[in-house]
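*Asks:* Take this structure, written in structure tokens, and hold onto it; I'll ask about it next.
The values are calculated or read from the model by the stated rules, or taken from the named source; none is laboratory data. Just so it is clear, the model here is predicted, and its values are computed rather than measured. Because the Cβ atoms are built from the backbone with ideal geometry, glycine has one as well, and the counts that use them run over all protein chains shown. What goes into the accessible areas is simple: the full protein's heavy atoms, side chains included, and nothing from ligands, DNA or RNA. Shrake-Rupley method; radii C 1.70, N 1.55, O 1.52, S 1.80 Å.
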Amino acid sequence: MSSNLKKIENSVATIELNIPKEKFEEGLNFSYKKNVGRFNIPGFRRGKAPRIIVERYYGEGVLYEDAIEHLFPDAYQEAIDSLKIEPIDSPTIDIVQIGKGKDLIIEAVVPILPDVELGQYKGIEVKKVEYNVKDEDVENRLEQMRQRNARVVPVEDRAAQMGDIVDISFEGFIDGKPFEGGKSDNYSLELGSKTFIPGFEEQIVGHNINEEFDVNVKFPEDYRVEELKGKDAVFKVKLLSIKYKELPELNDDFAKDVSEFDTLDELKEDIKRELKEQYDRSAEEEMKENAVKAVVANSKVDIPEVMIDRQIDISLRDLDYNLRYQGLDLDKYLEITGKSKDDLREEMHDDAALRVKTQLVVDKIGKVENITATDEEVENRLNEMARNYNVNVEDLKKELNESQINNIKDDIVYFKTIDFIFENSKIVDKEE
């Protein structure tokens, strides 16, 4: 079998496969043996008619489809190996020549991994990013620690007020009829948290334990449940209990209780140090991202639309996965936003194209610079995965196939290449 690359245009390769007539004859024999049992020809028991009779009765073409399906995969694989091209999707084929006693000629058209024309990727100028720790940041962290260490104190002698934590039972009605999801026998709600329908929490303020009362609200026009959008509702509410958070005083005793430090000043200094490390990491990640953006902008690549479509598919799956954590799914999200899936795909197109281009450019730099994943790095990544998923690392290794291990290696190389780009960039100026 032989092949030749007729052309490459817009990252789509056109390949001509030539399968010798002798090989095509083998394919026809294969097709005959596979299908002879379904041929019903007068004068012959089913499955007993010779091939020559089958071809005369049904026409020679009756055996072509399975002959091609039998021969094409090996011929195609041999062609892409010898031509050293990397397909990114299945080929479409066209039969150029076919017939008994003739070579079988097939034209295959397939999207291939596009060539990347790298621009400057060393010595890229990146503005320095620096985030300074402010006193306000330290105070916010201390306030979070106070909230975590607050004592919840029951209230018996006063009405509910903003900031309290109340337990309530309720049932919602629209036009005098209860609606699905509008009832709870014991619900804990922090007044002022704005987690309920606008106006609900404010109407609990001023009521006492065991008091029963109505709360009148209007569901927002953009509410996530279509049937409730813009509807007026009445909730029958009973106030079961009232509690408030008693926050610890910020002093040396607080520092001793929540940390290994003896004084509040020492605790503040430690928080400041921790925030500085966190901000420095964030600044470095931002500079890395900016360096990669600059390198990608300097490079040229014609991206096949199929690669962008695949990236959009991944983005849609990620969106659906994240929405499910919020009690929604993609279909419900589209209903709420009034968009179609095609609208969403169009919105995602440019971002997906940039993601694909970034991946291709970084991969190309990794190959040019011969960046690889060491055995030690792969082992470290496997150990990290085992810890994250709380499984034995040896059991994890047994579950992973060669393709999955290669994906892990590719990820390691990808991020090492990003580090390489950043390490070879030039940090300039200072951007607060």
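*Asks:* Assess whether Val237 counts as being touching a helix residue (DSSP H, G or I) at 6+ places or on another chain (Cβ under 6 Å), open to solvent by less than 40 Å² (accessible area, probe 1.4 Å) and under 21 Å from Ser169 (Cβ atoms).
*Replies:* So Val237 fails the test.
One line per residue, one yes/no per condition, for (1) over 26 Å from the mean Cα position of the chain (by Cα); (2) within 30 Å of Val295 (Cα to Cα); (3) modelled with pLDDT of 95 or more; (4) not charged (D, E, K, R):
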site: Val378; (1), (2), (3), (4): no, yes, no, yes
site: Asn388; (1), (2), (3), (4): no, no, no, yes
site: Val393; (1), (2), (3), (4): no, no, no, yes
site: Lys397; (1), (2), (3), (4): no, no, no, no
site: Asn401; (1), (2), (3), (4): no, no, no, yes
site: Asp410; (1), (2), (3), (4): no, yes, no, no
site: Val428; (1), (2), (3), (4): yes, yes, no, yes
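*Asks:* Tally time: how many residues in region 150-173 are open to solvent by less than 60 Å² (accessible area, probe 1.4 Å) and not β-branched (Val, Ile, Thr)?
*Replies:* 11
*Asks:* Let me ask you something else. In region 277-287, is there at least one residue being part of a helix (DSSP H, G or I), more than 40 Å from the chain's Cα centre (by Cα), surrounded by 15 or more Cβ atoms within 10 Å (Cβ to Cβ) and not acidic (Asp, Glu)?
*Replies:* Within region 277-287 (the criterion being part of a helix (DSSP H, G or I), more than 40 Å from the chain's Cα centre (by Cα), surrounded by 15 or more Cβ atoms within 10 Å (Cβ to Cβ) and not acidic (Asp, Glu)), the answer is no, since none of the residues qualifies.
*Asks:* Among the numbered criteria (1) farther than 24 Å from Arg151 by Cα; (2) over 41 Å from the mean Cα position of the chain (by Cα), which one does Gly206 miss?
*Replies:* Gly206 satisfies every listed condition except (1).
*Asks:* Need the failing condition index for Ser299 against (1) surrounded by fewer than 16 Cβ atoms within 10 Å (Cβ to Cβ); (2) closer than 30 Å to Asp429 by Cα, just the number.
*Replies:* (1)
*Asks:* Exactly one condition in (1) open to solvent by less than 50 Å² (accessible area, probe 1.4 Å); (2) under 30 Å from Asp410 (Cα atoms); (3) of a type in the set (D, E, K, R) is not met by Asp270; state its number.
*Replies:* (2)
*Asks:* So Val217 fits all but one of (1) touching a Phe, Trp or Tyr at 6+ places or on another chain (Cβ under 6 Å); (2) closer than 30 Å to Lys339 by Cα; (3) among the hydrophobic types (A, V, I, L, M, F, W, C); (4) in contact (Cβ under 8 Å) with a residue 40 or more places away in the chain; what number is the exception?
*Replies:* The single condition Val217 does not satisfy is (4).
*Asks:* Here's a follow-up. Need at least 3 residues that are open to solvent by less than 20 Å² (accessible area, probe 1.4 Å) and either modelled with pLDDT of 90 or more or in contact with a Ser or Thr (Cβ under 8 Å, 6 or more places away or on another chain) (or both) per element, so show me which strands (runs of 3 or more DSSP E) inside region 23-129 make the cut, counting only ones lying wholly within it.
*Replies:* On the way: elements: 92-97, 104-111, 125-129.
Fully inside region 23-129 and qualifying: 104-111.
*Asks:* Separate question: If Ile8 passes every condition in (1) surrounded by 14 or more Cβ atoms within 10 Å (Cβ to Cβ); (2) under 25 Å from Lys102 (Cβ atoms) but one, which one does it miss?
*Replies:* Of the numbered conditions (1) surrounded by 14 or more Cβ atoms within 10 Å (Cβ to Cβ); (2) under 25 Å from Lys102 (Cβ atoms), the odd one out for Ile8 is (2).
*Asks:* Every residue in region 220-251 that is without any contact (Cβ under 8 Å) to a residue 60 or more places away in the chain and more than 20 Å from Glu180 (Cβ to Cβ), please.
*Replies:* Glu249, Asn251
*Asks:* Which number in (1) part of a loop (DSSP other than H, G, I, E, B); (2) open to solvent by less than 70 Å² (accessible area, probe 1.4 Å) marks the one condition that Glu260 misses?
*Replies:* Only one criterion is unmet by Glu260, namely (2).
*Asks:* Among the residues of region 295-305, is any of a type in the set (D, E, K, R) and part of a helix (DSSP H, G or I)? Before you say what the answer is, go through the steps one by one.
*Replies:* Step one: filter region 295-305 for residues of a type in the set (D, E, K, R), giving 300, 302, 305.
Retained after the next criterion (residues that are part of a helix (DSSP H, G or I)): 305.
Within region 295-305, one or more residues are of a type in the set (D, E, K, R) and part of a helix (DSSP H, G or I).
*Asks:* Going through region 130-139 one residue at a time, which ones are among the hydrophobic types (A, V, I, L, M, F, W, C) and assigned to a loop (DSSP other than H, G, I, E, B)?
*Replies:* Answer for region 130-139, where residues must be among the hydrophobic types (A, V, I, L, M, F, W, C) and assigned to a loop (DSSP other than H, G, I, E, B): just Val133.
*Asks:* Separate question: So Gly176 passes all but one of these: (1) open to solvent by less than 40 Å² (accessible area, probe 1.4 Å); (2) small (Gly, Ala, Ser); (3) free of Cβ contacts under 8 Å to residues at least 24 places away in the same chain. Which condition number does it fail?
*Replies:* In the conditions (1) open to solvent by less than 40 Å² (accessible area, probe 1.4 Å); (2) small (Gly, Ala, Ser); (3) free of Cβ contacts under 8 Å to residues at least 24 places away in the same chain, Gly176 misses (1) alone.
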